[in-house]
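The structure appears below as structure tokens.
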């Protein structure tokens with residue numbers, strides 16, 4: 001059953017995206033990218049109350065969920081940061097508001113990783129990946145304003161708490 005969102009248009013987009021999750025990975029990722037791009041270009045379609053943080057750190061607000069996908073608005077307070085992690089499912093995200101630093105890592109053991117790329121993401125940015133791994137990254141809001149991103153994950157939010165498969169410590173340089 002779908003979670004409520006701001007408009008019937010978004011409900012229809014999300015239902016179509018949930019159906020695409022059963023297609024070939026490339027087709028699904030293309031559909032997720034297109035859906036995220038459309039939402040980022042029309043933020044008025046989203047319920048503004050779902051785009052507000054709940055205090056410090058990272059707030060996760062469910063926008064839509066089925067057995068195939070879960071779509072979250074993530075509100076990043078200044079200083080919010082994830083651990084270095086990979087995903088057990090597909091992971092797509094788009095930046096709606098603010099800036100986020102995404103750092104990519106290479107595992108050097110089962111528990112540690114080293115940074116390989118550091119990029120500042122701007123509003124409108126969209127990325128998608130399958131859990132073909134290793135796809136290790138960390139996202140941080142090192143700015144002074146809150147940031148909002150929309151995430152599409154290929155998992156049932158009722159069956160699993162998060163998309164994170166494993167976390168890693170950053171290896172000493």
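Being surrounded by fewer than 16 Cβ atoms within 10 Å (Cβ to Cβ) and at pLDDT 95 or above, is that true of even one residue in segment 5-25?
No, segment 5-25 contains no residue that is surrounded by fewer than 16 Cβ atoms within 10 Å (Cβ to Cβ) and at pLDDT 95 or above.
Based on what the data block shows, is residue 166 closer than 28 Å to residue 21 by Cα, within 17 Å of the chain's Cα centre (by Cα) and at pLDDT 95 or above?
Answer is no for this residue.
Confirm whether residue 101 is in contact (Cβ under 8 Å) with a residue 24 or more places away in the chain, part of a strand (DSSP E or B), over 28 Å from residue 11 (Cα atoms) and more than 15 Å from the chain's Cα centre (by Cα).
Spelling it out, it is not the case that residue 101 is in contact (Cβ under 8 Å) with a residue 24 or more places away in the chain, part of a strand (DSSP E or B), over 28 Å from residue 11 (Cα atoms) and more than 15 Å from the chain's Cα centre (by Cα).
Any residue in segment 62-83 that's in contact (Cβ under 8 Å) with a residue 24 or more places away in the chain and on the phi > 0 side of the Ramachandran plot: show its pairings with residues that are assigned to a loop (DSSP other than H, G, I, E, B) and buried (at least 20 other Cβ atoms within 10 Å of the Cβ) at Cβ separation under 8 Å, as long as the two are six or more apart or on different chains.
From residues that are in contact (Cβ under 8 Å) with a residue 24 or more places away in the chain and on the phi > 0 side of the Ramachandran plot, the pairs are 79/141.
If you scan segment 150-173, which residues turn out to be closer than 23 Å to residue 68 by Cα and assigned to a loop (DSSP other than H, G, I, E, B)?
Those that are closer than 23 Å to residue 68 by Cα and assigned to a loop (DSSP other than H, G, I, E, B): 154, 155, 156, 157, 158, 159, 160, 161, 162, 163.
Residue-wise test of (1) modelled with pLDDT under 95; (2) more than 13 Å from the chain's Cα centre (by Cα).
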| position | (1), (2) |
| --- | --- |
| 118 | no, yes |
| 122 | no, yes |
| 130 | yes, no |
| 136 | yes, yes |
| 148 | no, no |
| 156 | yes, yes |
| 159 | yes, yes |
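Hey, can you tell me all the residues within segment 105-149 that are touching a residue at least 60 places away in the same chain (Cβ under 8 Å), buried (at least 16 other Cβ atoms within 10 Å of the Cβ) and in a loop (DSSP other than H, G, I, E, B)?
123, 130, 141, 146
Specify which of the listed residues (94, 98) is under 11 Å from residue 142 (Cβ atoms), buried (at least 16 other Cβ atoms within 10 Å of the Cβ) and in contact with a strand residue (DSSP E or B) (Cβ under 8 Å, 6 or more places away or on another chain).
One residue alone meets the criteria, 98.
Go through 49, 27 for me and flag whichever is outside any loop (DSSP other than H, G, I, E, B), over 26 Å from residue 132 (Cβ atoms) and without any contact (Cβ under 8 Å) to a residue 24 or more places away in the chain.
49
The values are calculated or read from the model by the stated rules, or taken from the named source; none is laboratory data. Bear in mind that the values here come from a model prediction, so they are computed numbers and not experimental data. In this analysis, Cβ positions are derived from the backbone assuming ideal geometry, glycine residues included, and neighbour counts consider all displayed protein chains.
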